[in-house]
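Okay, structure first, notes after.
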Amino acid sequence: MPVHLTRRTILTLVGAGAVSLATPLAAQDVTLRLAFIPQENPDKLLGDIEAITGWLAEEIGVPVEGFVTIDHAAAVEALRNGDADISFMGALPFVLAEAEIGAVPLLSEVYRDAPSYTGRIFVRRDSGIGALADLRGRDIAFADPISESGYLYPLAEFVEAGLIEDPGQAEAFFGRVFFAGGYQQAMQAMAEGLVDAAGASQYADLLLTPQQQAEVTWIAESAPIPSHLVIARPGLDAALRDRFVDAMLRLNEPEHRNKLRYFYGPDGYVRADGAAYDGVRDMARQYGLLR
């Protein structure tokens, strides 16, 4: 069974207690609650949340809270239970959340003028590993079991190469499979020699130190993946949801672009097109994750 490298803990909350959004905005003290996934160092992420929630509150006109979930699945559960109103997550957990709870796509990240990116298999340059086949019997760390760039798409490269038949056969090919809890955690495990390879976003090496970046390379790259999204729980007040979207789109303006680094560092945001994620839905069905 794959091993989780991160210790499961309770959600870490930043801000005041949550309130119900069941009545109109004008009739209650509404608080907008944002769930963040730990793609990078959770301590840094908590600092980012503290830095940005005040600005969002000013732009939207209601208090804003943020908290870090254990993983994508916990973020989906937070939306399902009403503990979160908005979440930042990858394409695969979004399509699963859409099917399970009716999650609504709001915004897509843009990187280098495109709302897409890839997953890669990273190794250390001194490892002697030059091809996917060289990883037979070796240990690998992925980011999250329901991450597209941090698991499903990188693993699909082994299927395409004829090395494994499907994700269920991964453990027969690798020595051990770990889920590290995020891109940075998976990359650090590889860079520090705890595992032989890491499956993560094409930009995940930027989460390493400059010295570590020079010591790693990638040996396989997936097909393009629709970028990460910002999604809402079903039933969130439409006016509040629209004010949030408008505020986030203002991050594209020159005077606010410096704040993007607090939201995982995209180049900007565009309104999400749900149809752009059909390929992810198809892959999820192919691997039995979606009916």
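The values are calculated or read from the model by the stated rules, or taken from the named source; none is laboratory data. As the structure is a computational prediction, the values presented were derived from the model and not from experiment. Cβ atoms come from the backbone with ideal geometry, glycine included; neighbour counts cover every protein chain shown. Heads up: the accessible areas ignore ligands, DNA and RNA and are worked out on the full protein's heavy atoms, side chains in. Shrake-Rupley method; radii C 1.70, N 1.55, O 1.52, S 1.80 Å.
Among the residues examined, residue 175 does not qualify as more than 23 Å from the chain's Cα centre (by Cα), free of Cβ contacts under 8 Å to residues at least 24 places away in the same chain and more than 18 Å from residue 202 (Cα to Cα). For region 78-87, the condition holds for at least one residue, the condition being that it is touching a Lys or Arg at 6+ places or on another chain (Cβ under 9 Å) and among the β-branched types (Val, Ile, Thr).
Among the numbered criteria (1) over 30 Å from residue 66 (Cα atoms); (2) open to solvent by 50 Å² or more (accessible area, probe 1.4 Å); (3) in contact (Cβ under 8 Å) with a residue 12 or more places away in the chain, which single criterion is violated by residue 155? The single condition residue 155 does not satisfy is (2).
Please work out which one of (1) open to solvent by 60 Å² or more (accessible area, probe 1.4 Å); (2) assigned to a helix (DSSP H, G or I); (3) in the same structural domain as residue 96 (by the TED database) is the condition residue 235 fails and give its number. Against the list (1) open to solvent by 60 Å² or more (accessible area, probe 1.4 Å); (2) assigned to a helix (DSSP H, G or I); (3) in the same structural domain as residue 96 (by the TED database), residue 235 comes up short only on (2). For region 212-226, the count of residues that are over 26 Å from residue 33 (Cα atoms), polar (S, T, N, Q) and assigned to a helix (DSSP H, G or I) is at least one. Residues that are in the same structural domain as residue 49 (by the TED database), at least 2 per element: which helices (runs of 4 or more DSSP H) completely within region 68-186 meet that? It comes to 72-81, 91-101.
When region 48-83 is examined, which residues are found to be aromatic (Phe, Trp, Tyr) and under 19 Å from the mean Cα position of the chain (by Cα)? Of everything in region 48-83, just one residue is aromatic (Phe, Trp, Tyr) and under 19 Å from the mean Cα position of the chain (by Cα), namely 67.
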